[in-house]
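One structure is given here, and the rest of the page talks about it.
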Amino acid sequence: MKKRIFSGAQPTGQLHLGNYLGALKNWVALQNEYESFFCIVNLHAITLPQDPQVLRQKTLDLARIYLAAGLDPEVSTIFIQSDIAEHAELTWVLSCSSRMGELERMTQFKDKGKGNSERAGVGLFTYPVLMAADILLYQTHLVPVGKDQKQHLELARDLAERFNRDFGRTFVVPDPFIPPVGANILSLQEPAKKMSKSDENPNGAIFLLDDPDTITKKIKRAVTDSGTTVEYDEARPAISNLLTIYHLMTGRTIEESQAHFEGRGYGHFKAELAEAVVEFLKPFQEKAQSYTDDELNRILKAGAEKARVIARETLRDVYAKMGIVGAV
Ligand code: ATP
Ligand code: LTN
C-alpha cells in the first residue's frame, strides 16, 4: 500500500513564489509516489475576516493554481475543506485534548494575533487544531510544507500520540516534509521576514500571476546586502535569497550560478533573474487561464467524494473509541 500525503493552502491573497517553492512544487514531485490529498483550506481562511464574494472566487482560483502547478486530478485527490464536515467535527474532539499552553506557544498565533490575545479571534488561536484534524483524518504519513508550518506539524504529532495513548492506536503519526532548499523564501523588501501574501508591501512578494513587467520591477527594486559579488553567504540573506530563487528557477546549482555571475554586478544578476522568473511562470500562467469554472467544480466534487469516504471512516473510529454514540 502507498503511504499518504496531505497538504493544503489557504484561499486568501495571491499565491507567491514562496508558496510554490516551499510547498506546491513538492506536492507535484511527490504526488505519484504517495496516495495524495491536496486541500483548499477555506475554513482556515476565515480565521481572519474575509469578504464572502472574494473568498468564493479565491477558492476556485486556488484550484486553478494547484492544477497549473502540475497537480494531476487523475492522480491526486483535490478538494475543498468545507465539503467534508468531518474536518470541523474532528477539530472539536482534538480541541478537547489540546492545552491552552501549547496553543499559546504557536508563533503564527503570536504573529497574526499581533501579540494581543485579548483581541485576537478564538479561531486564530485554534487554527493549528483544525490543521491537525485535516492531517489526521486521512491517516497521513507525510505533510509537505514550508518551514513556517513546522511547529504546527509538531502539534499534530503530539495530538495524534496523545489520542493513541489514551484510546488505543487510531491515528498515523505524521512526519513533516520540509525541503532542504526553498522552505523559507524571504521577502524581497525585508529579508528578515518570509515572503508572505499578507504582507502590506506587495513589492516583497512575486505572485505567481504577476505580469512580466511587474516581476521585473519587483526584482529590480529588491533590497540587496552591502557588497557587490553574487555569492551565497548566510551573513548576506538578501542576495542569498535571490540566488536561491535563481537556482530553483533555472535548475543551475548554487555553485554554477555563482560561477556564471562571477565578475558581474547586482544589476546584471537581477536582469537575468527577472528573465528566468518570467520564463518559468509563463507556461504556468497560460495553464492557469485554461480551466473553466465547470471543469474545476467537477474536479473538486470528485475529490470531495473520494476524501469523504476516508474522513468518515476515521471519525467513526474516533467516536467509537471514545464512547460517543448517537441514537440514530
Ligand atoms: P502567507 O504567510 O504568505 O500568508 P500562509 O502560510 O498563510 O502564507 P498558505 O497559503 O496557507 O499561506 O501556505 C501554503 C504553503 O506555503 C505552506 O506550506 C507554507 O509553509 C508555504 N509557505 C508560505 N510562505 C512561504 C515562504 N515564504 N517560503 C516557503 N514556503 C512558504
Ligand atoms: N496552515 C497551513 C495551511 C494548512 C495545511 C493543513 C498545511 C491547513 N491545513 C494541513 C498542511 C496540512 C498554512 O500553510 N498556513
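Descriptive notes on the structure:
- For the stretch 296-318, the set of residues classified as more than 14 Å from L137 (Cβ to Cβ) and out of contact with any strand residue (DSSP E or B) (no Cβ under 8 Å at 6 or more places or on another chain) consists of L296, N297, R298, K301, A302, E305, listed by residue number.
- Filtered residues of the stretch 9-25 (kept if closer than 11 Å to L62 by Cα, in contact with a Lys or Arg (Cβ under 8 Å, 6 or more places away or on another chain), within 7 Å of ligand 1 (Cβ to nearest atom) and open to solvent by 20 Å² or more (accessible area, probe 1.4 Å)): T12, G13
- Count of residues meeting criterion [more than 10 Å from ligand 2 (Cβ to nearest atom) and under 18 Å from V41 (Cβ atoms)] in the stretch 113-136: 7
- Within the stretch 29-42, not a single residue is at positive phi and in contact (Cβ under 8 Å) with a residue 12 or more places away in the chain.
- Selection count where residues are of a type outside the set (A, V, I, L, M) and either at pLDDT below 95 or more than 16 Å from ligand 2 (Cβ to nearest atom) (or both), scope the stretch 48-60: 6
- One residue stands out in the stretch 31-46 among those that are open to solvent by 30 Å² or more (accessible area, probe 1.4 Å) and touching a helix residue (DSSP H, G or I) at 6+ places or on another chain (Cβ under 9 Å): the one that is farthest from G70 (Cα to Cα), namely I46.
- Qualifying residue in the stretch 76-87 (condition: aliphatic (A, V, I, L, M), touching a strand residue (DSSP E or B) at 6+ places or on another chain (Cβ under 6 Å) and open to solvent by less than 30 Å² (accessible area, probe 1.4 Å)): yes
- Qualifying positions in the stretch 141-156 - within 14 Å of ligand 1 (Cβ to nearest atom) and within 18 Å of A311 (Cα to Cα): L142, V143, A156
- Options L137, L208, L159; residue that is open to solvent by less than 60 Å² (accessible area, probe 1.4 Å), within 16 Å of ligand 1 (Cβ to nearest atom) and hydrophobic (A, V, I, L, M, F, W, C): L208
The values are calculated or read from the model by the stated rules, or taken from the named source; none is laboratory data. Source: prediction; values computed, not measured. Virtual Cβ from ideal backbone geometry, glycine too; neighbours counted across all protein chains shown. With ligands, DNA and RNA removed, areas are computed over all heavy atoms of the protein, side chains included. Shrake-Rupley method; radii C 1.70, N 1.55, O 1.52, S 1.80 Å.
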